[in-house]
Amino acid sequence: MVSTLAALSKQLASLEDSDGALEYAQEALATARQYSPSMLRDLAIAYHLAGDNQRAVETTKEALRLSSEKQEDPKTDELRQQLEADLQRYRR
């Protein structure tokens with residue numbers, strides 16, 4: 001599952017079919033037992049690529065909320081910074 005999600009992150013931005021990217025991200029989440037902030041970030045990216053910035057913002061906010069519940073470490077801090085940057089981009 002983790003390798004699938006890592007592949008998803010890399011593929012989302014390169015997919016020309018934004019609806020396909022969204023479907024791919026939704027299917028990946030549907031198979032997960034528990035959502036992580038990075039999984040939600042991938043879904044938010046797919047929403048953004050599909051032109052649904054409102055859902056991208058909502059999903060990014062949820063990812064930020066989940067990341068605040070995680071123990072502090074460099075990866076979590078980096079993810080939060082990415083999420084904050086994403087949030088600003090989606091709000092434009």
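The values are calculated or read from the model by the stated rules, or taken from the named source; none is laboratory data. Values in this document were obtained by computation on a predicted structure and should not be read as measured data. No Cβ is skipped: glycine too gets one built from the backbone with ideal geometry, and neighbour counts run over all protein chains shown.
Annotations
- Pick from region 45-61, criterion within 12 Å of the chain's Cα centre (by Cα) and free of Cβ contacts under 8 Å to residues at least 24 places away in the same chain, ranking: nearest to residue 20 (Cα to Cα): 55
- In region 70-86, the residues that are at negative phi reach residues that are β-branched (Val, Ile, Thr) with C-beta atoms within less than 6 angstrom, at least six apart or across chains, in these pairs: 70/76; 83/60; 86/60.
- Every residue from region 52-76 that is within 11 Å of residue 90 (Cβ to Cβ), surrounded by fewer than 16 Cβ atoms within 10 Å (Cβ to Cβ) and either at pLDDT below 90 or among the acidic types (Asp, Glu) (or both): 58
- Selection status of residue 39, of a type outside the set (Gly, Ala, Ser) and modelled with pLDDT of 75 or more: yes
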